[in-house]
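Accompanying notes for the structure given below.
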Amino acid sequence: MDHSRDAFFEHIGAVPQIPVNDFIEHFLPRSDICEATLDKLAGMLSERWRPHCPLHLDDFIQEKADWARQQDLAAAPYDAYNGYWTAFAQQPKDNTASEKDIFPALVNISEQIAACCVEADSSLVQTTRLVSNFGNRQLEGDEFTAAPPNGVRLLIGDDGGTQLDWHQCVCIEGYRKSNMEVLDNNKKSIWASHHIMRTDATRRATTSMTVNNTQVTLWHYDREVLLVSAPFDINKDFRYLIAVYAHLSFASLTALGYDTTIQVLPDRDPIACAVHHDISRVQYLIRVQDTLYITVKYVANRGPENGFGRCTRVFSAYKAGGDVHELFIIKDCWLEANRETEWLILNKIRAAIQAHDWDKECVPPPSGHSPGHVTKINGSPSKPVDPHYGLSMTARLNYFVNILAGVKVTLDDGQVDDTQRIISRGYQFADQRRMYSLYDSLDNKRSHWEGVVGNESALTEPKERRGCFFRPIVARAHHRLVMKPGIPLSQVENANEAFSILTDAGYALFLLHSVGWLYRDISPDNILQMPDGGGVLADLEYAKEACDPRTRSFRTGTPNFLAVEVANRNYLQSSDSGPPPNIDKKAFKATIASAPDKPWYFRDVHDLESLWWLCMWLLFRHTTDSDVAAPYSRYSHAEKFREIFPGTVAAPQTRVQVLSTDEGLYNAITVLPSSWQQIMGADLCWVRSHLFSSYAIRNRDERLYPKLWLFMHEMCEAGTSIEGRLVRVRADELGETVQAEGAGSGSENGVAKARKYTYYTIPRTEDPLRAAARQEDAAPSSPSPAKKRKICT
């Protein structure tokens with residue numbers, strides 16, 4: 001847990017800090033308490049103790065009266081004359097008692113505030129209660145965390161009781177006697193809030209509070225931001241504490257940050273448990289429009305682990321009252337409020353595909369075409385080559401996931417849920433704002449940042465650490481959709497099926513690009529195998545029209561599959577290839593010269609490169625289940641995978657070399673099983689050359705080589721000839737593998753010496769793309785097809 005917590009705070013770095021009044025007005029859960037009632041509370045709390053416990057009321061009042069006489073204190077929760085809560089007449093840091101004896105007094109203060117509220121307004125109904133947890137009792141929940149909070153505010157059940165469960169926890173409180181332990185107290189409380197937000201699907205936002213001696217800070221956590229209030233003193237600023245406890249005690253579920261369109265079922269469905277043996281411990285009842293679904297399990301739940309952003313959750317579910325065998329996929333996420341929903345994007349893409357004249361705007365592939373053959377298609381083709389020319393419109397649409405319903409989640413009053421307009425009640429973060437560091441300024445092991453966003457001169461040194469909130473704080477809208485289930489490509493083990501699905505995804509990209517759209521997030525989890533065996537492109541939330549003039553400063557995509565140019569934000573210039581055959585040389589030089597001054601745009605070639613990397617990933621992330629003769633080495637295979645696919649956003653030099661040079665790709669392919677080399681080697685090299693040469697195009701409106709989509713299609717289709725299963729290379733076996741292989745070689749580094757390199761018969765003096773273009777120009781009527789490049793050892 002310590003490692004995960006440190007990584008989480010490393011990601012955050014610093015959070016926006018706002019005045020207490022702003023926090024109370026915009027981020028404290030609202031309730032039915034009016035301002036007039038709040039004004040009365042200070043006087044009422046100075047009068048006497050109110051009975052608030054369901055049992056032994058007389059004993060409670062008598063106990064408080066005796067205690068007040070012994071301590072020579074006012075017989076009331078607050079001493080207005082001396083200006084302190086009687087329980088905190090002596091500051092905790094000066095008190096010899098332990099924290100577990102001092103801070104449970106806040107439970108009584110909270111209940112006295114609630115009792116006075118009801119006395120002032122009998123229509124109020126208390127919804128939450130603060131409970132001391134200094135016994136370090138573990139809260140029930142979907143996942144375990146080893147840091148139970150000191151104080152827990154829980155929902156009050158219909159029977160008037162509370163249940164120590166993370167699903168019932170609405171506010172975390174952390175207590176420390178000393179001001180020297182602020183950092184640790186902050187971290188424990190924030191981590192507890194993070195635990196709620198990452199594990200409880202019913203949560204939109206949550207609140208927490210830290211008390212260090214008599215200094216109180218309030219924390220708010222939603223899907224866009226974590227923020228903190230300026231500190232206030234529990235005695236001097238006692239009205240703030242009254243407002244906090246009053247509002248928390250009487251707030252509605254929605255105000256407390258719950259999503260009332262998702263509910264936790266009290267008991268699991270016994271029929272569903274009998275049918276689905278991997279059913280989750282907690283089942284949710286989810287509403288999508290007028291239909292209710294009951295979840296079976298999480299299909300994907302990694303998004304909430306990051307804390308902020310889209311925080312996508314994906315469930316498998318069945319209709320309430322329906323057949324438990326018929327499953328659906330429910331996707332729940334938080335989109336930027338100004339972005340189109342995936343449902344709307346899909347409908348736009350469908351409309352564009354239906355409006356496109358495919359027979360007129362595309363040409364069919366040549367008869368007998370195969371990868372490595374560059375044959376003539378009506379001279380030099382000016383139109384894209386459609387790998388499935390003549391396909392019906394319905395069949396084209398089936399290459400994309402079918403979304404059955406898509407909605408923006410609405411609250412009980414019909415308003416669309418939104419982090420800024422609803423949750424934070426219209427709060428606008430200024431461009432220049434105070435930031436509160438989550439690191440100790442005395443901790444020289446970590447650089448930290450504390451200052452004002454937008455005013456670099458006011459930064460405190462050192463300023464290397466920035467964090468995830470040094471960016472615009474935007475509004476996010478809650479979105480939910482329903483679709484039919486499929487199997488992600490990452491879970492498909494049959495090699496033939498995996499490459500068949502990849503081929504279908506490649507054709508979906510061709511359809512997208514043909515109608516002027518870009519996908520921008522190719523990954524094995526975004527490509528699904530449907531029940532009929534076909535592949536579809538899913539997760540269209542990042543797709544956008546190629547003509548969209550908007551640019552973004554952040555990179556879009558999944559690290560292992562990002563195009564190198566996108567990952568490194570550095571234009572690739574083909575120094576050894578020159579301009580592709582369909583580019584005028586003068587225009588080529590002009591666009592190269594003007595490229596650095598143009599804004600960054602995502603282009604269609606980036607999608608195609610990501611598809612190429614995904615094809616490479618299938619080959620390097622896995623090995624075969626068949627016996628492979630020497631010199632094949634599982635260790636070398638795994639090492640090359642880790643070099644090319646490190647899982648980081650920035651592309652390492654090894655990855656750049658694999659894309660940009662023949663030698664880089666050759667040396668990579670040689671670690672694969674020999675049969676895979678024979679099947680895929682030539683196609684990977686051929687497509688690599690076309691892709692890299694395409695980066696000489698600097699104008700995003702310039703069309704790519706018309707056959708490029710056909711070559712991508714043929715490359716993926718070639719992989720369907722691979723037999724057997726795709727078996728993931730296990731990193732935990734590498735040490736044993738090295739020893740076994742090295743022992744048989746008679747050398748200290750047997751693996752390296754036993755490796756033999758495979759070379760391809762591609763001329764090193766001229767790029768294949770230019771050679772192919774020259775062949776077309778030299779033989780306009782009867783091309784002389786080149787022999788398919790062979791692989792020799």
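The values are calculated or read from the model by the stated rules, or taken from the named source; none is laboratory data. Just so you know, these numbers come straight off a predicted model, no measurement behind them. Note that we place each Cβ from the backbone using ideal geometry, even for glycine, and neighbour counts take in every protein chain shown.
Some observations on this one:
- Residue in the range 139-158 that is basic (Lys, Arg) and more than 30 Å from the chain's Cα centre (by Cα) present: no
- Only one of the listed residues (118, 107) is closer than 22 Å to residue 171 by Cβ, surrounded by 15 or more Cβ atoms within 10 Å (Cβ to Cβ), in contact with a Ser or Thr (Cβ under 6 Å, 6 or more places away or on another chain) and at pLDDT 90 or above. That residue is 107.
- One residue from 131, 182 being under 20 Å from residue 104 (Cα atoms), of a type in the set (Val, Ile, Thr) and assigned to a helix (DSSP H, G or I): 182
- Inter-residue pairs, beta-carbon under 8 Å, first under 26 Å from residue 244 (Cα atoms) and in the range 1-22, second among the acidic types (Asp, Glu) and surrounded by fewer than 18 Cβ atoms within 10 Å (Cβ to Cβ), 6+ apart: 20/237
- Of the listed requirements (1) out of contact with any strand residue (DSSP E or B) (no Cβ under 8 Å at 6 or more places or on another chain); (2) part of a helix (DSSP H, G or I), residue 254 misses just one: (2).
- Members of the range 148-187 found to be within 23 Å of residue 437 (Cβ to Cβ), touching a helix residue (DSSP H, G or I) at 6+ places or on another chain (Cβ under 6 Å) and either aliphatic (A, V, I, L, M) or not assigned by TED's automatic domain parsing to the domain that holds residue 109 (or both), listed by number: 172
- Every residue from the range 314-338 that is surrounded by fewer than 17 Cβ atoms within 10 Å (Cβ to Cβ) and within 21 Å of the chain's Cα centre (by Cα): 336, 338
- Check on residue 347, surrounded by fewer than 18 Cβ atoms within 10 Å (Cβ to Cβ) and touching a helix residue (DSSP H, G or I) at 6+ places or on another chain (Cβ under 9 Å): no
- The residues on offer are 656, 628, and the sole one that is β-branched (Val, Ile, Thr), over 21 Å from residue 524 (Cβ atoms) and over 31 Å from the mean Cα position of the chain (by Cα) is 628.
- Meets criteria (part of a helix (DSSP H, G or I), over 28 Å from the mean Cα position of the chain (by Cα) and either at pLDDT below 95 or among the acidic types (Asp, Glu) (or both)) for residue 239: yes
- From 145, 217, residue being of a type in the set (Val, Ile, Thr) and either touching a residue at least 40 places away in the same chain (Cβ under 8 Å) or out of contact with any helix residue (DSSP H, G or I) (no Cβ under 9 Å at 6 or more places or on another chain) (or both): 145
- Of all residue pairs spaced 6 or more apart or on separate chains, those with beta-carbon atoms under 9 Å, a first member in the range 608-619 that is crowded, with 24+ Cβ neighbours inside 10 Å and a second member that is in a helix (DSSP H, G or I) and of a type in the set (Ser, Thr, Tyr) are 608/694; 609/694.
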